[in-house]
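First up is the structure itself, then whatever we jot down about it.
Quick note: the coordinates plus some simple rules give every number you see, no bench work behind them. In this text, all values refer to a predicted model and were calculated from it rather than measured experimentally. Here Cβ is always computed from backbone atoms with ideal geometry, including for glycine, and neighbour counts include all displayed protein chains.
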Ligand SMILES: Nc1nc2c(ncn2[C@@H]2O[C@H](COP(=O)(O)OP(=O)(O)OP(=O)(O)O)[C@@H](O)[C@H]2O)c(=O)[nH]1
Ligand SMILES: [Mg+2]
């Protein structure tokens, strides 16, 4: 073990194998320099992972092997020297010819374990075998990571075989796709490469999961805050009657009020997104241009893809005590959904863009020579569910978007085809009817400015949803 007496691992491999990307993902640091050109990392840089103010594990990003055969040759002729990495560094520390190799091996000489990163999409070359062999000779606890840079599976099996001979553990780990669950699995696997680390790694994993729960909790607080603010949001304007020359003036004021109202709601959403991004430690962020998260909150696409379906709308409306215009017996909606409810549901308003009067109606009051125009709170039953879906989508992205996947990375396979936008993609559609009712009641109370006794249960529902989003089976929605 190195410096702070915490498990410390040097990430080694070819230039451009994706070492820095792996470090960025494991340490959730999206400011680490990553580039498609080889030779980006030029020194061994230490990146501790700090949880609750305490470093729990550290990864060292290295510059990549340049002369592995020189090092191997020296190792082979000095096998009797014991700790080869340390002996090598001691022998060449002041030799400018070897400054790169010394920088590379220094962390190992100081006691770090090794994680070799290879690009599993490429054929194994002689240089790879040289690197594997010299790392084996270093006799340090070591794991190999197969980071497949291009989804080419052809060589993966032969890599597995070759690596298994020289490494205590071999794992597939994709720096661009790895989720929280996969990071934890990797930490678990590290336990097996050196038993002495087991207790500390247990603590590290514990700290990670504790921290993850804390982030989920913080996100729930942010989301509840957003919903409360959005559902009580109002704008108003007081105008002297003398300034209102014609009906057109009135309409102009109403239009501007609508605009201000929507802008205010957009800002509430954007502020909450920033909070969520911070909870999950993202600084650099790149959304594909056709992502649903790039579309306007009040656009038709968002209205169609997110929020509840018609059937759920009817349920939510009934739970919130709203008049749906059609008599619906809630008891019908228990398990099997009655035909009556189905008809009622389809007879509801068309699902799509939510703006103007569909969102909230302008109220005008005239007193003592002034007219008071006010707008809000949102009266649409659908809106809070759309807002909730969008922020959940955002959370899914923040939770599952690996930090090694750079902002500049917008290669074709990261794009979401436009056709995907036609389908429903939200999470609220999967809510059970009980959850739906609870949330609807929470929204209804909030709209009225009441403290809701359904808030705690709503928090629970949201926490559960968020936990589901971070599970490994999260589908491509997280890409959005
Ligand atoms: N598609 C894909 N690309 C990856 C993955 N990991 C890394 N890359 C890309 O591979 C290139 C090199 O990544 P780096 O992390 O800078 O590689 P490195 O090994 O640190 O490179 P040097 O510091 O130059 O030795 C970058 O363009 C990355 O975006 C991956 O899992 N999938
Ligand atoms: Mg690098």
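Run the numbers for residue 248 and residue 136: contour at 0.36 nm per residue of separation, minus the present Cα-Cα distance, in nm. Don't jump to the answer; show the numbers that get you there.
Values: separation 112, 0.36 × 112 = 40.32 nm, distance 8.13 nm.
Length gained, residue 248 through residue 136: 32.2 nm.
Roughly how tilted is helix 383-400, in degrees to the nearest 10 and between 0 and 90, from the longest Cα axis of the chain?
0
In segment 1-95, if every C-alpha pair distance is counted and binned at 10 Å from zero, what percent goes to each bin?
15, 39, 32, 13, 1
Translational diffusion coefficient, Stokes-Einstein: compute it for segment 8-175 using the Kirkwood radius over C-alpha pairs as Rh, at 10 °C and 1.306 mPa s, and state it as an integer in µm² s⁻¹. Walk me through the numbers before you get to the answer.
On the way: Rh = 16.1 Å.
The Stokes-Einstein estimate is 99 µm²/s.
What share of the DSSP beta bridges in the chain is antiparallel, in percent to the nearest 5?
Values: 19 of 37 bridges.
For the chain, the DSSP antiparallel bridge percentage is about 50.
Simple spin-label model, 7 Å along Cα-to-Cβ: residue 240 to residue 363 in nm?
It is 2.6 nm.
Consider all pairwise Cα distances in the chain and report the whole-number % of them above 34 Å. Intermediate values should be presented prior to the final figure.
On the way: 54983 of 114960 pairs.
Tail of the P(r) past 34 Å holds 48 percent of the pairs.
Let's test the formula: R0 of 35 Å, r as the Cβ-Cβ distance of residue 263 and residue 451. What FRET efficiency results, to the nearest 0.05?
On the way: r = 28 Å, r/R0 = 0.79.
So the FRET efficiency works out to roughly 0.80.
Expressed as an acute angle from 0 to 90° and rounded to the nearest 10, what is the orientation of the C-alpha long axis of helix 433-447 relative to the principal long axis of the chain?
Roughly 60 degrees between the two axes.
Using Cα atoms only, what is the angle between the long axis of helix 247-279 and the major principal axis of the chain, expressed in degrees (0 to 90) to the nearest 10?
30
Could you pull out which residues in segment 9-47 have an amide N less than 17 Å from a spot 7 Å beyond the Cα of residue 67, following the Cα-Cβ vector?
15
Of all DSSP beta bridges located in segment 8-175, what percent are antiparallel, nearest 5? Display every interim value, and only then the final one.
Working: 7 of 25 bridges.
Expressed as a percentage, antiparallel bridges in segment 8-175 total about 30.
Rounded to the nearest 500, what is the chain's calculated 222 nm mean residue ellipticity when only DSSP H runs of at least 4 contribute -39500 (n - 2.57) each, over all residues? Can you show the working numbers first?
Details: 15 runs with 214 residues, N = 480.
Dividing the helical sum by the residues of the chain leaves -14500 deg cm²/dmol.
Before anything else, pin down the relative contact order of segment 8-175: Cα pairs under 8 Å, at least 6 apart, normalised by residue count, whole percent.
Details: 313 pairs, mean separation 40.5, N = 168.
The normalised contact order for segment 8-175 reaches 24 percent.
For an R0 of 30 angstrom, estimate the FRET efficiency from the Cβ-Cβ distance between residue 255 and residue 429 and round to the nearest 0.05. Intermediate results must be reported in sequence, preceding the final value.
Values: r = 33 Å, r/R0 = 1.10.
Plugging the Cβ-Cβ distance into 1/(1 + (r/R0)^6) gives 0.35.
For segment 132-225, what class follows from the C-alpha gyration tensor (a ≥ b ≥ c being the square roots of its eigenvalues): rounded when a/c is under 1.5, otherwise prolate if a/b is larger than b/c, else oblate?
Details: a/c = 4.29, a/b = 1.62, b/c = 2.65.
Taking the square roots of the gyration eigenvalues as a ≥ b ≥ c, segment 132-225 is oblate.
Taking the mean number of other Cβ atoms within 10 Å as a proxy for protection, how do you rank 141-154, 72-85 from highest to lowest?
On the way: 141-154: 18.9, 72-85: 15.2.
Result, highest mean Cβ count within 10 Å first: 141-154, 72-85.
Counting only C-alpha contacts under 8 Å and six or more residues apart, can you give the relative contact order of the chain as a whole percent?
On the way: 794 pairs, mean separation 83.1, N = 480.
Dividing the mean separation by the residue count of the chain yields 17 percent.
Please compute the length gained on full extension between residue 90 and residue 285, using 0.36 nm multiplied by the number of residues separating them and subtracting their Cα-Cα distance.
On the way: separation 195, 0.36 × 195 = 70.20 nm, distance 4.26 nm.
The span from residue 90 to residue 285 would gain 65.9 nm if fully extended.
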